[in-house]
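Contents: one structure, followed by commentary.
FYI, it's all coordinate maths here, none of it is from the lab. From a predicted model like this one, the values you see are computed outputs, not experimental measurements. No Cβ is skipped: glycine too gets one built from the backbone with ideal geometry, and neighbour counts run over all protein chains shown.
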Amino acid sequence: MRIAFIAGNWKLNKTRPEARALVEALKPLVANAKAEVAVCPPFTALETVGALLTGSNIRLGAQNCCHEPSGAFTGEVSPPMLKDLGCDYCIVGHSERRQYFGETDEGVNKKAKALLAAGIKPILCVGETLAQREANETEKVVERQVCGAYAGLSAADALQTVVAYEPVWAIGTGRNATPQQAQDAHKFIRGLLAKLYDQATAGAVRIQYGGSMKPSNAAELLSQPDVDGGLIGGASLKAEDFAGIVNAAP
Ligand code: PEP
């Protein structure tokens, strides 16, 4: 039985006062959620938000990390530093990082290993572009990304991970995947995990959908059998919208 997991990716948004206001508004709205809930603020707001989340049912996540624990890596933030701030999760390989910051499948794998070593659960993002979908390459691309992300990870490691299937054409566009498109991709990813590991492991790993999820389309997407939650961008910046999605989870 997989418990739905809804995580908010705040991206490059929210100063500390803004972050404080969002979290204070969100806490009572999701206090009775059946789903697991997390927010992923920018690095600069992690400590502020983490302090406000103490004693709540909302977990803290980061949006990125360094692949090394410490050393001469100017400008980076490491998994042990994120653990120190109270992070339980960290997004890795978001398409914006792949597109604008040159993140590769190999880099995603290194970050996943570094996070697991620090006791943080990676949220591993995969998904095809519109051109790749139109060229019927969705499965090929997603297979490359999933196999790359999990290279060298044991089944026990895999149980500590979450996959986020985020078709790039659906992110921030207002055009979500249909429930059937999401279900097909999620089922395919679960099949890949079964091939890499075993049925029990594949059946236990949660696969979130991400891409223009909002309160009005959440229930239908989240009711698909292999859709185990959502990674939410734009709609996570408004407490009512994010709570609407959280409370739509079965
Ligand atoms: C995301 O960036 O992870 C995302 C899903 O964005 P949005 O919900 O805005 O499409």
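Remarks
- Approximate spin-label separation Ala117-Leu12, in nm, with each point projected 7 Å along Cα-to-Cβ: 2.9
- Of the residues Gln181, Gly102, Gly55, the one whose Cα sits farthest towards the positive end of the charge dipole of the range 5-233 is Gly55 (charges of +1 on Lys and Arg Cβ, -1 on Asp and Glu Cβ, taken about the Cα centre).
- CD proxy at 222 nm, helix term only [per DSSP H run n ≥ 4: -39500 (n - 2.57); per residue of the chain; nearest 500]: -12500 deg cm²/dmol
- Evaluated at q = 0.19, 0.30 Å⁻¹, a Debye calculation over the C-alpha positions of the range 3-64 (equal weights, vacuum) places log10 I(q)/I(0) at -0.63, -1.45.
- The alpha carbons of the chain occupy a box of 46, 45, 34 Å along the principal axes, longest dimension given first.
- Here the residues Met81, Met1, ranked from fewest to most Cβ neighbours within 10 Å of their Cβ, fall in the order Met1, Met81.
- Long-range amide H partners of Cys90 with built H, under 5 Å: Ala62, Lys121, Ile123
- Shown for Phe5, Phe101, Phe242: other C-beta atoms within 10 Å of each C-beta, ranked fewest to most, produce the order Phe101, Phe5, Phe242.
- Extension gain for Glu240-Ala72 works out to 56.3 nm (0.36 nm per residue, less the C-alpha to C-alpha distance).
- Rg then Dmax, both in Å and based on the Cα atoms of the range 127-250: 14.3, 40.
- When only alpha carbons of the range 1-136 are considered, Rg and Dmax amount to 15.6, 48 Å.
- In plain terms, the chain from Ala155 to Asn32 could stretch by 41.1 nm, reckoned as 0.36 nm per residue minus the Cα-Cα distance.
- Considering the range 141-211 at the alpha-carbon level, its Rg and Dmax are found to be 12.4, 37 Å.
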